[in-house]
Amino acid sequence: MTDPIATRAAKATPPRVARQIKGLSDRAIAWIFVAPTIFLLLAINIFPLIWTIQLSFTNYKANRLNREPEFIGLRNYERILTDSDIWLNMQATAHFLFWTIALQVLIGFALAWLIHRNFKGSNFWTTVIVLPMMLSPAVVGNFWKFLYQPQIGLFNYIVTFFTRAEPSSFEMLGSVQLAPWSIVIVDTWMWTPFVMLICLAGLRSIPDYIYEAAEIDRASKLRQFFTITVPMVLPFLMLAVLFRGIENFKMFDLVVQLTGGGPGSTTELTSINLKREAFEKWRTGYASAYAIILFVTVFGLASIYVKALNKVKER
Amino acid sequence: MSAHSITEPSGRSKWVAGTLVITYALITMIPLAWIMLTGFKSPADAISYPPKVVFEPTLEGYVNLFTTRTRQTDDFLAANPPENWADEIVRQYDMVIVGPSKFGERFFNSVIIGFGSTFLSIFLGTLAAYAFSRFKIPLADDLLFFILSTRMMPPIAVAIPIFLMYRNLGLSDTHLGMILLYTAVNISLAVWLLKGFIDEIPREYEEAALIDGYTRFQAFYKVVLPQAATGIASTAIFCLIFAWNEYAFAVLLTSATAQTAPPFIPTIIGVGGLDWPAVAAGATIFLLPVMIFTILLRKHLLRGITFGAVRK
């Protein structure tokens, strides 16, 4: 009881308030503590979600204030699901998701496996590797745009240095073939450390005695790798994939700064497309339906995946 | 021979692993190093081919980042000698500094909104996390999952109704509006992380305090809070970094008064196109604090980025 600040604060509290606080039951305190958070989330997450659902059945346009929105039933949903352009956006998103996750898992796991040898200075270098992941994706996208510039960009220079191709013979951001890969490269550069960190935690969770037992049984290193390391890291790896999957499904800032969805719509991921519909074409009702479809897709895929993940964990 | 040494990697394999990892780390640092170098180049050096690694450093990019300039006639320039070193840099283009740019303001907005929302998320988050950790709350698991699931929604999807709601409430392009919004996004992270940290504090501490005559409130702020201080601090940095880096909401909901730095930096325009050294200078100033915080956070990094799903 030697904390002067706390004592002073306690003295400063009016006796009536103090008595009231003292008299509160645990149950009441629990609700007082949780209520503000729930209220904030209801106001800024759930209320908007419900509003989006309602808007998705109308033809509302947010830039025309004086026109009453009409109820048009499921027409927005029908239009979206039969629109071939949106399927192209979905394909672009799928390409982005598949390759970023594949590359990040491969490189991330390999790095973790190497770092797990605990060479001298491994902690320092791990911190260095992790840096890109914490930076602002919009600013990162913006400066990669600089690196990707044909003629002056460092990326083009390095590639031409090693391949002896003409520096102006390819444009990462300007060509239909290369642009989808340009966003995969930047995302992989940025987020491989994330997968690496989680894999590293997985590797560190394997107790030494399992390997020792395998050594005594004369299991080869290769065999140890496939029968001990891989299965024990798998739940961690799956968790990393879940996080990256959800994040990249929502991907907006990095790609918008890097390519703006172009050239044409080759890198127009669903979030970018949604932003165009909602805030450039101002088709609010239509975009709301689009948002709901995306949300249901993420939520559905994520829940199926979590079930699979739990099964792997139980094994 | 101790049992441990069987699984200890050999010296050579350590050496190989170290070389590979360090090579990767160095390659991955090239873009960051390049952007920092570019900040100290003149516009001509920044776009020269082949790219220049050795160049004469100048603060031009930083001067252009923080000032607005106009071109002046030779007579005017001759009549008014340069006032300071910054002015001198600008004179080589026949220009004079006429005032500060918007960058300072945008950076300051990032600071206010970042710290404001972090404070609020931590305040509300600690209370909620304590309640979830210590009390029996009906449907606690469902509520916690609900709190988490709010993060799965693409920001653009929630942005539509929030845009409409803020327009009606007069919260568009205000600091308060952005602080509330970032708090709502961050609170899920705060509750999940802090619950993990508070779960690790033995209940016996508080029970002992309660027996000593403390009330629940006193036990909370005199026993639990000091114990959770490290956890609270690292959670705060995670919230701060998120708010600092956020772009999608900022670009859609702010324009003049409350715009933060991320939507502003890419729009820095120089004479004849993008002023890359100024953009690079802005990016450097903006990214450095996060790099420093990341190094401070390294112990809690994994826990923070996985919502406490993986603890180390």
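The values are calculated or read from the model by the stated rules, or taken from the named source; none is laboratory data. Since this is a predicted model, take the numbers as computed values, not measurements. Every residue, glycine as well, gets a Cβ built from its backbone with ideal geometry; the counts of neighbours run over all protein chains shown.
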Could you give every pair whose Cβ atoms fall below 7 Å, whose first residue belongs to the range A:230-250 and is outside the structural domain of A:Ala94 (by TED's automatic domain parsing), and whose second residue is surrounded by fewer than 21 Cβ atoms within 10 Å (Cβ to Cβ) and assigned to a helix (DSSP H, G or I), counting only separations of at least 6 or pairs across chains? none
Report, by residue number, each residue of the range A:205-226 that is surrounded by fewer than 16 Cβ atoms within 10 Å (Cβ to Cβ) and in contact (Cβ under 8 Å) with a residue 12 or more places away in the chain. A:Ser205, A:Ile210
Enumeration of residues in the range A:263-303 that are more than 7 Å from chain B (Cβ to nearest Cβ) and of a type in the set (Lys, Arg): A:Arg276, A:Lys281, A:Arg283
Of all residues in the range A:188-204, count the ones that are of a type in the set (Phe, Trp, Tyr) and without any contact (Cβ under 8 Å) to a residue 40 or more places away in the chain. 0
Taking the condition within 30 Å of B:Ser188 (Cα to Cα), surrounded by fewer than 18 Cβ atoms within 10 Å (Cβ to Cβ) and of a type in the set (A, V, I, L, M), does B:Ile112 pass? yes
Per the filter on the range A:226-253, residues of a type outside the set (Phe, Trp, Tyr) and either within 30 Å of B:Pro263 (Cβ to Cβ) or in contact with a Pro (Cβ under 7 Å, 6 or more places away or on another chain) (or both) are A:Ala240, A:Leu242, A:Arg244, A:Gly245, A:Ile246, A:Glu247, A:Asn248, A:Lys250, A:Met251, A:Asp253
Any residue at all in the range A:147-158 that is among the hydrophobic types (A, V, I, L, M, F, W, C) and more than 13 Å from chain B (Cβ to nearest Cβ)? no
Looking at the range B:29-58, which of the residues that are more than 27 Å from the chain's Cα centre (by Cα) and closer than 28 Å to A:Pro193 by Cα is farthest from the other protein chains (Cβ to nearest Cβ)? B:Val53
Residue pairs, Cβ under 7 Å, 6 or more apart or interchain, first in the range A:123-147 and within 17 Å of B:Val251 (Cβ to Cβ) and of a type outside the set (A, V, I, L, M, F, W, C), second modelled with pLDDT under 90 and surrounded by fewer than 22 Cβ atoms within 10 Å (Cβ to Cβ). List them. A:Asn142/B:Pro266; A:Lys145/A:Leu173
Look at the range B:150-178 and say how many of its residues are surrounded by fewer than 23 Cβ atoms within 10 Å (Cβ to Cβ) and β-branched (Val, Ile, Thr). 2
Do you know which residues across the range B:38-58 are without any contact (Cβ under 8 Å) to a residue 60 or more places away in the chain, surrounded by 14 or more Cβ atoms within 10 Å (Cβ to Cβ) and under 23 Å from A:Leu135 (Cβ atoms)? B:Pro51
Test for B:Ile122: is it assigned to a helix (DSSP H, G or I) and within 7 Å of another protein chain (Cβ to nearest Cβ): no
State whether the residues of the range A:30-41 include one that is without any contact (Cβ under 8 Å) to a residue 60 or more places away in the chain, at the interface with another protein chain (Cβ under 8 Å from one of its Cβ atoms) and within 21 Å of the chain's Cα centre (by Cα). yes
Exactly one of B:Gly11, B:Gly18, B:Gly61 is within 11 Å of chain A (Cβ to nearest Cβ) and touching a Gly at 6+ places or on another chain (Cβ under 8 Å), and that one is B:Gly18
Need the failing condition index for A:Ser122 against (1) at the interface with chain B (Cβ under 8 Å from one of its Cβ atoms); (2) of a type in the set (Ser, Thr, Tyr); (3) touching a Lys or Arg at 6+ places or on another chain (Cβ under 8 Å), just the number. (3)
Mind checking whether some residue in the range A:272-286 is among the aromatic types (Phe, Trp, Tyr) and farther than 30 Å from A:Arg64 by Cα? no
Any residue that is within 20 Å of B:Gly308 (Cβ to Cβ), outside any loop (DSSP other than H, G, I, E, B) and out of contact with any helix residue (DSSP H, G or I) (no Cβ under 6 Å at 6 or more places or on another chain) - is there at least one of those in the range B:95-117? no
Picking from A:Leu178, A:Leu197, the residue that is under 19 Å from A:Ala102 (Cβ atoms) and out of contact with any helix residue (DSSP H, G or I) (no Cβ under 7 Å at 6 or more places or on another chain) would be A:Leu178
Within the range B:36-46, is there a residue that is at pLDDT 85 or above and under 30 Å from A:Phe119 (Cα atoms)? yes
